[in-house]
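Data first, discussion second: the structure below is written as structure tokens.
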Amino acid sequence: MTAAGIIKIELHTTAEAMSTGKIEGKVHFIEETKTYGQKGFRKRLIVIEQENGRFTNYLPIEFVQDSCDEADQMTVGSEVEVSYRLSGRKWQRDEQSEVKYFLSAEATGFRMLSGGGSSSSAAPKAEAPKEDAPYGETFESDEDPPF
């Protein structure tokens, strides 16, 4: 959030890349890291809070794999800027069941604006998962979605 209380959200898209952007806000909630599947896929949810005067906006951002450990620098109440990429997924158990679509904002990096970590200086960027597979890992079947 800028000094004037204006919410700052940037979004960039190209034909070759997924949608990416940056948000600024206050850390509202930090979930413990969860591990899924036999390969040990790790995910951690951080909720960023933004005030716009009329309502509060809560933005869930997913940190995956090694980024989960980088998020330890954050504390509830810290002001942060998070770079993210949007990714979507289609899921259907079988041909007769309903198709479901999921959208997630996956952190590709962040920096501390105030509070948390050791100081208010910029924290190292969280490492982004490899681009060749969603969430940095492939799944053996659609019955094992990454959530």
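Coordinate-derived values only; no laboratory data. The structure presented is a predicted model; accordingly, all values stated were derived computationally and were not measured. Glycine gets a Cβ as well: all are built from the backbone with ideal geometry, and neighbour counts include every protein chain shown.
Considering only Cα atoms, the convex hull volume of segment 9-116 works out to 145 Å³ per residue. Between Gln38 and Leu103, the FRET efficiency from the beta-carbon distance, with R0 = 22 Å, is close to 0.25. Between Glu51 and Arg89, the simple label model (points 7 Å from Cα in the Cβ direction) yields a spacing of 3.5 nm. Taking segment 9-116 as the region of interest, the number of lysine pairs whose Cα atoms are within less than 29 Å, with members eight or more places apart or on different chains, is 14. Taken along the Cα-to-beta-carbon direction at a fixed 7 Å, the label points for Asp69 and Gln96 span 4.7 nm.
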